[in-house]
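Structure first, commentary second.
The values are calculated or read from the model by the stated rules, or taken from the named source; none is laboratory data. Only a predicted model underlies this, so the values are computations on that prediction, with no experimental measurement involved. Neighbour counts are summed over all protein chains in view; Cβ atoms, including those assigned to glycine, are modelled from backbone coordinates with ideal geometry.
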Amino acid sequence: MGVEVRVEGLTKSFGGQPVWSDVSLTLPAGEISVLLGPSGTGKSVFLKTLVGLLKPDRGAIWIEGQDLPRLSERALYEVRKLFGVLFQDGALFGSMNIYDNVAFPLREHTRKSESEVRAVVHEKLEMVGLLGAERKLPGEISGGMRKRAGLARALVLDPRIILFDEPDSGLDPVRTAYLNQLIIDLNQQTGATFLIVTHDINTARTVPDNIGLIYHGHLAMFGPREMLLSSTEPVVRQFLNAQRIGPIGMAEEKDSDELRAEAEAGVELPPLPPIPLQLAPSDGRPRAAEQPPGRWCEEHGVTPPAGSFRGVQGSVWQPTEALR
Ligand SMILES: Nc1ncnc2c1ncn2[C@@H]1O[C@H](COP(=O)(O)OP(=O)(O)OP(=O)(O)O)[C@@H](O)[C@H]1O
């Protein structure tokens, strides 16, 4: 099962330049969360800080009662074993074949015999659909296959928290759809806690249980998918709907003249698009963390945008008696 990650007041800067300040959020155990934000806002820095590769200036990261930034190197080494990380390019060793790449963490961190290593490597390669490609070098397979090989390697130590840094970068829409399905299926099978950094709005709208948005050095919002997809908060609304109208400009933030000009021109925001159904596991069995569509909206008295959750057993979302 996954474990909860509780981040409190986290602040990180480089050479006095803050990347983000006072970030607080909880990644609920076993749930999938997505982190969004304009380029350069420090999403990768956040992942690296979570896993202990970078030290924050201030703040806490609580995992199983331990505050990561306060741990000794030795204790941190142990806690790191809870994590699996899929780096952007898969971070495979170019001179090792896929089998040896995936076997690497097992050979480095465990005392498993070669036959035990083989069993685990085969299991994980099967999970990501790469059986048969074991003898290929990373340079001989496609970008999508390299990501899946990186994912198999991230899975071999049975992590309870899996971090994905832009798993969909450089993939075509079809490969991205396959990878998103794989992420959902892996979450169902492993029950681990997932955090995905992505720029893909479709991924953000359909894959996670929770969405966070970093903007202008702060966490603008973090919460259940339905909360952000029904939010009218200008930054959240603009980013999640990929619109030009709103506070985010080409160079991160529009200046007040640009915003005033937009307001004076009476530029109307288009209505919020419908909230899509969350991607379901391919075998039809629900994930442990899955919630019925529309539950958050219903519990919080929020009417979702027209046309939301279409496809639920052929029907359209309807508020319960209490909301009518
Ligand atoms: N080790 C480092 N030393 C100094 N500055 C760094 C370091 N790592 C990252 N930065 C800076 O921190 C900022 C955030 O970088 P980061 O790569 O986390 O952004 P990002 O949101 O992941 O961007 P993108 O979406 O484009 O991948 C950038 O200005 C980057 O130059």
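Across region 117-132, what is the number of residues that are under 17 Å from N180 (Cα atoms) and assigned to a loop (DSSP other than H, G, I, E, B)?
3
Looking at region 25-45, which of the residues that are within 6 Å of the ligand (Cβ to nearest atom) and in a loop (DSSP other than H, G, I, E, B) is nearest to the chain's Cα centre (by Cα)?
Filtering region 25-45 for residues within 6 Å of the ligand (Cβ to nearest atom) gives 37, 39-45.
Add one more test, that the residue is in a loop (DSSP other than H, G, I, E, B), and what stays is 37, 39-42.
Numbers: G37: 12, S39: 15, G40: 17, T41: 15, G42: 14 Å.
For region 25-45, the residue satisfying everything is G37.
When residues of region 218-243 are filtered for being modelled with pLDDT of 90 or more and assigned to a loop (DSSP other than H, G, I, E, B), how many remain? Full working, then the answer.
Let us first name the residues in region 218-243 that are modelled with pLDDT of 90 or more, namely 218-231.
Okay, now just the ones that are also assigned to a loop (DSSP other than H, G, I, E, B), so 230-231.
Matching residues across region 218-243 total 2.
Starting from region 43-71, keep only residues that are on the phi > 0 side of the Ramachandran plot, then list their pairs with residues that are away from the ligand (no atom under 16 Å from the Cβ) and small (G, A, S) whose Cβ atoms are within a distance under 6 Å, requiring at least 6 positions of separation or different chains.
Taking only residues 6 or more apart or on different chains, the pairs are G59/G9.
Mind checking which residues of region 167-189 are surrounded by 15 or more Cβ atoms within 10 Å (Cβ to Cβ), of a type in the set (A, V, I, L, M, F, W, C) and more than 14 Å from the chain's Cα centre (by Cα)?
L171, A177
Quickly run through region 159-180 and pick out the residues that are within 22 Å of I98 (Cα to Cα), modelled with pLDDT of 90 or more and more than 16 Å from the ligand (Cβ to nearest atom).
Across region 159-180, the qualifying residues are P159, I162, N180.
When residues of region 46-68 are filtered for being away from the ligand (no atom under 16 Å from the Cβ) and surrounded by fewer than 18 Cβ atoms within 10 Å (Cβ to Cβ), how many remain?
Here the count works out to 7.
Check E262, E252, E258 and return the single one that is at pLDDT below 85 and touching a Pro at 6+ places or on another chain (Cβ under 6 Å).
Numbers: E262 fails: touching a Pro at 6+ places or on another chain (Cβ under 6 Å); E258 fails: touching a Pro at 6+ places or on another chain (Cβ under 6 Å).
Answer to the check: E252.
Quick check on this structure: which one of L163, L151 is surrounded by 20 or more Cβ atoms within 10 Å (Cβ to Cβ), assigned to a helix (DSSP H, G or I) and in contact (Cβ under 8 Å) with a residue 60 or more places away in the chain? Walk me through how you get there before you give the answer.
Numbers: L163 fails: assigned to a helix (DSSP H, G or I).
Being surrounded by 20 or more Cβ atoms within 10 Å (Cβ to Cβ), assigned to a helix (DSSP H, G or I) and in contact (Cβ under 8 Å) with a residue 60 or more places away in the chain holds for just one of L163, L151, which is L151.
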